[in-house]
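As structure tokens, the structure follows; a few thoughts come after it.
Bear in mind these aren't lab numbers, they're just calculated from the coordinates by the rules spelled out. Owing to the predicted nature of the structure, the values given are computational and were not obtained by experimental measurement. Heads up, the Cβs are rebuilt from the backbone with ideal geometry, glycines too, and the neighbour counts pull from every protein chain shown.
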């Protein structure tokens with residue numbers, strides 16, 4: 001769905017999310033079978049021996065159809081306990097790995113940084129996104145939320161893969 005120029009899409013508010021639930025938002029509605037497979041994978045227990053229950057809030061509402069990464073980030077901006085959001089977009093539905101787009105909700109406003117002191121940061125900004133297989137979502141969400149690992153570490157692991165998709169560590 002394309003909005004007329006000058007108008008901003010208003011996406012529905014996400015309510016009732018527990019901070020330990022991974023948030024997955026569906027923005028592509030072209031393949032219900034692929035979506036069902038993604039949700040099935042997200043609901044499986046995870047961890048080395050599958051010892052952790054899946055904690056996920058799935059947003060499956062047509063109002064999100066075609067939402068861009070920037071629109072998703074703007075819509076979840078008020079959730080102060082959300083560090084990463086996962087998007088099931090067209091790539092997800094068409095990918096054999098059903099790789100979700102992982103987006104960090106935390107980034108530095110580099111506009112106020114003094115280039116003399118922060119040149120290295122300005123030259124190589126933190127990554128904003130990467131792709132993750134559904135089986136990796138829970139590990140990413142929990143570890144970023146608890147501060148065990150940061151988003152950039154997961155993005156680097158994804159970028160080291162031949163297809164640039166993070167799988168369970």
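Below are the figures for this structure:
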quantity	calculated
Estimated inter-spin distance, residue 31 and residue 78, nm [label 7 Å along Cα→Cβ]	3.4
Stretch gain in nm, segment residue 9-residue 61, where the contour uses 0.36 nm per residue and the Cα spacing is subtracted	17.3 nm
Stretch gain in nm, segment residue 167-residue 17, where the contour uses 0.36 nm per residue and the Cα spacing is subtracted	51.5 nm
Relative contact order for the range 22-166, counting Cα pairs under 8 Å that sit 6 or more residues apart, in percent	26
Cβ-derived FRET efficiency at R0 22 Å, residue 146 paired with residue 44, nearest 0.05	0.60
Estimated distance in nm for a label pair at residue 94 and residue 135, the labels positioned 7 Å out from Cα along Cα-to-Cβ	2.5
